[in-house]
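The values are calculated or read from the model by the stated rules, or taken from the named source; none is laboratory data. Predicted model, so just to flag it, every value in this text is computed and none were measured. Counting neighbours? That spans all protein chains shown, and the Cβs are built from the backbone with ideal geometry, glycine included.
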Amino acid sequence: MQRLTAWTHHGMEQRRHLNDTRAGAGLITGSVFLVATSDALIKLGSAQFTVWQLYVIRSTIAIALLLLWLCLSQRSTTGLQLTWDRWTLLRSAALTLMWIAFYAALPHVSLSLAALALYTAPLFIALLSAKVLREQVNPRRWMAIALGFLGVLLILRPTAEHFSAMSLLPVLAALLYAVAAVVTRTRCASHCALSLALNLNLCLCLVGALVLLGHRLQSPSSEPVHEGFLAPHWVSLGPAQWGLLSVLAVLMVLMSVGVAKAYQLGPSTIVGTFDYSYLLFAMFWGFALFNEVPDAIMIVGMGLIAASGVWVLRG
């Protein structure tokens, strides 16, 4: 009887683990689809507002939605406490700079290329883990890292004919994301995920507001003209722009919660593998909205980066 009970319990645990793995894989796939959609919409609207307006408006709405979500879920008020230690601030600063670098590149490079360069982050995470955290990296993972950077070289094509300095910005964004990931794993693992999300949005909103305010104080009488996505001033927005920024705020809340929940449900090696579906979604939106068709070299580079990332994750 005890053996039967143990066998039944083991079977239930296996089914629960399988269901959690499937739920995690499905949730991360849906979440990265929202991420790709958000990035495509930002590229589409980059000629209508500035990145600093995006930071202020999107983060303000996102903060309100996160607080409302807390109230509706009837969580305790301890969940509203924010942690402002140096590691949380370093994480938020790294992610803020990451988005500045990535969004600055979007008006100038294809969405597919930006996505491919950004997904070198697992390679940088492995490098930082080895050099900073002194984690052991076996020869197979070093081979995977080298394979991934070979894919980067194929995509960026650092020659006088094809190279663009803007294509380096998503790679810089990947490095900053890796810094944030390592800090989160080593120094912020015990922090409330909602607290980290609120801290990040507050940091984004604060940076955007300071840039806009600083420009306003320096040039109080100048007429705001949209000179580019990184222009440090506020431009007038119509109903369509306000609607787009509101949609981006909702997407940010959903995708941030979805990604966090996915990694809580399923094994990180499996969830991380499905995370690479972002590349396919980015290529889809690049083709559907911007008529971007990757050439054979970009496809080979994407395959090398994806293969190396999966190799690193499973290693």
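Quick notes
- Contact annotation: residue pairs with Cβ atoms under 6 Å, 6 or more positions apart or on different chains, pairing a residue in the stretch 177-203 that is in a helix (DSSP H, G or I) with a partner that is modelled with pLDDT under 80 and surrounded by 22 or more Cβ atoms within 10 Å (Cβ to Cβ), are 177/121; 178/121; 178/125; 181/125.
- In the stretch 114-137, of all residues being closer than 22 Å to residue 165 by Cα and of a type in the set (A, V, I, L, M, F, W, C), the one that is surrounded by the fewest Cβ atoms within 10 Å (Cβ to Cβ) corresponds to 124.
- Residues of the stretch 231-249 that turn out to be surrounded by 14 or more Cβ atoms within 10 Å (Cβ to Cβ), outside any helix (DSSP H, G or I) and modelled with pLDDT of 85 or more, as a count: 5
- Verdict on residue 107 being within 18 Å of the chain's Cα centre (by Cα), under 30 Å from residue 207 (Cα atoms) and surrounded by fewer than 20 Cβ atoms within 10 Å (Cβ to Cβ): yes
Every residue, every condition in (1) without any contact (Cβ under 8 Å) to a residue 60 or more places away in the chain; (2) among the charged types (D, E, K, R); (3) in a helix (DSSP H, G or I), yes or no:
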residue: 90; (1), (2), (3): no, no, yes
residue: 95; (1), (2), (3): no, no, yes
residue: 99; (1), (2), (3): no, no, yes
residue: 102; (1), (2), (3): no, no, yes
residue: 108; (1), (2), (3): yes, no, no
residue: 113; (1), (2), (3): no, no, yes
residue: 130; (1), (2), (3): yes, no, yes
residue: 144; (1), (2), (3): no, no, yes
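- Tally, over the stretch 148-170, of residues that are touching a Phe, Trp or Tyr at 6+ places or on another chain (Cβ under 9 Å), in a helix (DSSP H, G or I) and either at pLDDT 80 or above or of a type in the set (Lys, Arg) (or both): 2
- Qualifying residue in the stretch 67-89 (condition: within 21 Å of residue 193 (Cβ to Cβ), crowded, with 21+ Cβ neighbours inside 10 Å and modelled with pLDDT under 90): yes
- Test: residue in the stretch 291-304 that is surrounded by 15 or more Cβ atoms within 10 Å (Cβ to Cβ), at pLDDT 85 or above and not in a helix (DSSP H, G or I): yes
- Test: residue 208 is under 20 Å from residue 52 (Cβ atoms), out of contact with any Leu (no Cβ under 7 Å at 6 or more places or on another chain) and crowded, with 16+ Cβ neighbours inside 10 Å: yes
- So residue 140, is it at pLDDT 80 or above, surrounded by fewer than 22 Cβ atoms within 10 Å (Cβ to Cβ) and of a type in the set (Lys, Arg): no
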